[in-house]
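The values are calculated or read from the model by the stated rules, or taken from the named source; none is laboratory data. Please read all numbers here as calculations on a predicted model, not as lab measurements. A quick note on method: Cβ atoms are made from the backbone with ideal geometry, for glycine too, and the neighbour counts reach across all protein chains shown. Side chains are part of the model used for accessible areas, which takes the heavy atoms of the whole protein and leaves out ligands, DNA and RNA. Shrake-Rupley method; radii C 1.70, N 1.55, O 1.52, S 1.80 Å.
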Amino acid sequence: MKSAFAFLLGLLITVSAQAQTVKPPKEAAMDRFLRYVKIDTQSAEDQTTVPSTRKQLNLANLLAKELKEIGAQNVRVSEFGIVYATVAGNLTDNSKVPVIGFLAHMDTSPAVSGENVNAIIHKNYQGGDIVLPKDPTQVITVAKNPVLKELIGDDIITADGTTLLGSDDKSGCAEIMAMVDTLMQNPQIKHGTLAIAFTPDEEVGTGVDKFDVKGFGARFAYTVDGESLGEISNETWSARTATVTFQGKSTHPGTAKGIMVNAMYAAADYLSRFPKDMLPETTEGRVGFVHPYAGVIDVERSSLKILLRDFDLSRLDAKEKNLRDMVAQTQAKFPEVKVAIEVKEDYKNMKEVLKNYPELTDNAIEASRRAGIKSYLRPIRGGTDGSTLTFENLPTPNLFTGGTNFHGKLEFNSRRGLEKTTEMLINLVQIFAEKAK
Ligand SMILES: [Zn+2]
């Protein structure tokens, strides 16, 4: 009985797979990815222009050219280096399906060089640690990367040990391109109108400031910028930055008696008050933190910059209150120093908005399931371009790319990671079309 059932099931699966034979894209996600990582698109901190580095335009112009070649419409590169395009829907009435946007960022992290990336393909990976050839001290270990156990038989892509790979987020770029390419090859796959964008400067947090939400024209969007297969995020930090200043009085130390007020001691006192169980180095998961990360120590004027991070707004408010109470305590101890605090908002947890659109994550979970991927929701201990866009009337959760170890030399992705993510994206646009019927 059992084997007859298994046979029948196998037959059914074969028949349904044949019914949906999909022509491959003109160029596979993997091949696109290997081309894109060769283009250096590293962004730079503290620049006044967007894009922060001109070289990002090399990839922007290439993606725009390729979008035109595969049949996307309204392709343009904005003055800020953002690539926009539209993929026309192929339904009898496209207006019944919301326009869905897909975004990936083109830049790579300023933390590690992205110049002369030499991608290495570890074909038919058979387990064990991966030593990167140009620097044997760079080792991707199974102990630190348990996801490797799921990649047996896969082709793993790494850098050579001297640069990052740029999987973050050229994986997303390649996967979105391969999705569009596949849809163009397969008019039998039904979908509504899609909006596509590739953005610069995500890593320095400025690219999306110049994003034309109205011109983009999507009702909802997804960033394709997450990590391992299955990881979907509809939640990020709510984030603020505090600046605490300590105003003293400097004078020549030889004649300073009774005149000098050394602001450094007040700054040190303030630092000593930080709760040890509320720091990045002592927290994980859903627990937020306060993090003094930069400062100036000087007699006349000292200052500290502090990150405040939490998933929950009331807990973030409590952290801000704590920092303000600490100011009052230091002020009381150093009455001659003027201590002041200023807090600005960086971004908010997108869940505040996305909780009203559960279909966005539900559809992504179903799209993953159809691609044979078990997905899960993971809150991001950071922000995404979606955290900004979501509060500009474009609800935007984040989807996986298959990549791991972002911003470092141990970054990797795999053939299956790129292919399965592309498959998930194609399923996703179909699901939106099915649900609108
Ligand atoms: Zn990224």
Each label point is 7 Å from the Cα along the Cα-to-Cβ direction; what then is the distance between the points at residue 243 and residue 336, in nm?
2.7
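Which percent of the accessible area of segment 307-391 is formed by carbon and sulfur heavy atoms (probe 1.4 angstrom)? Walk me through the numbers before you get to the answer.
Working: 2200 of 4360 Å².
After summing per-atom areas, the C and S share lands at 51 percent.
So, for segment 67-201, what is the accessible surface per residue at a probe of 1.4 Å, expressed in square angstrom?
Values: 5110 Å² over 135 residues.
In whole numbers, segment 67-201 has 38 Å² accessible per residue.
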Taking 0.36 nm per residue of separation and subtracting the Cα-Cα distance, what length does fully extending residue 314 through residue 142 add?
58.0 nm
Note the direction-averaged projected area, equal to a quarter of the hull surface, for the Cα convex hull of segment 298-382, in nm².
8.1
Label-point separation in nm, residue 96 to residue 122, each point 7 Å along Cα→Cβ
4.9
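Using the alpha carbon gyration tensor of segment 345-415, what are the three equivalent-ellipsoid semi-axes (square root of 5 times each eigenvalue), largest first, in whole Å? Mind dumping the intermediate values first?
On the way: eigenvalues 105, 73, 15 Å².
Each semi-axis is √(5λ); the values are 23, 19, 9 Å.
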Label-point separation, residue 271 to residue 115 (7 Å along Cα→Cβ), nm:
3.4
With θ set to phi - 60°, apply the Karplus curve 6.51 cos²θ - 1.76 cosθ + 1.60 along segment 207-218 and write out the HN-Hα couplings as whole Hz, x wherever there is a Gly or Pro.
x, 7, 4, 9, 6, 8, 4, 5, x, 4, x, 8
Taking Rh as the Kirkwood radius computed over C-alpha pairs, what is the Stokes-Einstein D of the chain at 4 °C in a medium of viscosity 1.567 mPa s, expressed in µm² per second?
54
Relative contact order %, segment 286-332, counting alpha carbon pairs below 8 Å whose residues are six or more apart:
32
Placing +1 on each Lys and Arg Cβ and -1 on each Asp and Glu Cβ in segment 82-216, then taking the dipole about the Cα centre, the residue among 130, 92, 185 whose Cα reaches farthest towards the positive end is 92
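Given segment 288-380, what count of lysine pairs have C-alpha atoms under 17 Å apart, with each pair 8 or more places apart or on different chains? Don't skip to the answer; put the middle values down first.
Values: 305/319; 305/321; 305/338; 305/344; 319/344; 319/348; 321/344.
Step by step, the pairs that qualify in segment 288-380 add up to 7.
Given Cα pairs under 8 Å that are at least 6 residues apart, what percent is the relative contact order of the chain? Each step should come with its number before you reach the end.
Working: 954 pairs, mean separation 95.8, N = 437.
Once divided by the residue count of the chain, the mean separation gives 22 percent.
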Among 197, 367, 226, flag the residue with its Cα farthest along the positive direction of the charge dipole of the chain, charges on Cβ as +1 for Lys/Arg and -1 for Asp/Glu.
367
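With charges set only on the Cβ (+1 for Lys and Arg, -1 for Asp and Glu), what does the dipole of the chain come to about its Cα centre, in debye to the nearest 20?
On the way: 51 positive and 55 negative charges, 118 e Å.
Magnitude of the dipole: close to 560 debye.
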Helix-only mean residue ellipticity at 222 nm, the chain, DSSP H runs n ≥ 4 weighted -39,500 (n - 2.57), per residue, nearest 500. What is it?
-10000 deg cm²/dmol
Which of the aspartates and glutamates could a cross-linker span from residue 144 if the Cα-Cα distance has to be under 20 Å and same-chain partners fewer than 8 positions apart are dropped?
129, 135, 154, 155, 160, 168, 227, 231, 281, 284, 411
Gain on full stretching of the segment that runs from residue 185 to residue 359 - 0.36 nm per residue minus C-alpha separation:
59.9 nm
At a 1.4 Å probe, what is the % contribution of carbon and sulfur to the accessible area of segment 80-148?
53
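If you count, for each residue, the other Cβ atoms within 10 Å and average over each peptide, how do 90-97, 181-188 line up from highest to lowest?
On the way: 90-97: 13.5, 181-188: 17.5.
Going by the mean number of other Cβ atoms within 10 Å, highest first, we get 181-188, 90-97.
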Just check segment 194-238 against the gyration tensor rule for me: Cα atoms, a ≥ b ≥ c as the square roots of the eigenvalues, rounded for a/c under 1.5, and otherwise prolate or oblate depending on whether a/b exceeds b/c.
oblate
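How much of the accessible area of segment 156-233, probe 1.4 Å, is carbon plus sulfur, in whole percent?
Working: 780 of 1630 Å².
Within segment 156-233, the accessible surface is 48 percent carbon and sulfur.
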Once phi for every residue in segment 142-157 is put through the Karplus expression 6.51 cos²θ - 1.76 cosθ + 1.60 (θ = phi - 60°), the whole-Hz ³J(HN,Hα) values, with Gly and Pro written as x, are 5, 4, 8, 10, x, 4, 4, 5, 8, 10, 4, x, 8, 9, 8, 10
Calculated FRET value between residue 129 and residue 436, using beta carbons and R₀ = 51 Å, to 0.05
0.60
Those lysines that a straight Cα-Cα span of less than 19 Å connects to residue 134, excepting residues fewer than 8 apart in one chain:
38, 123, 409
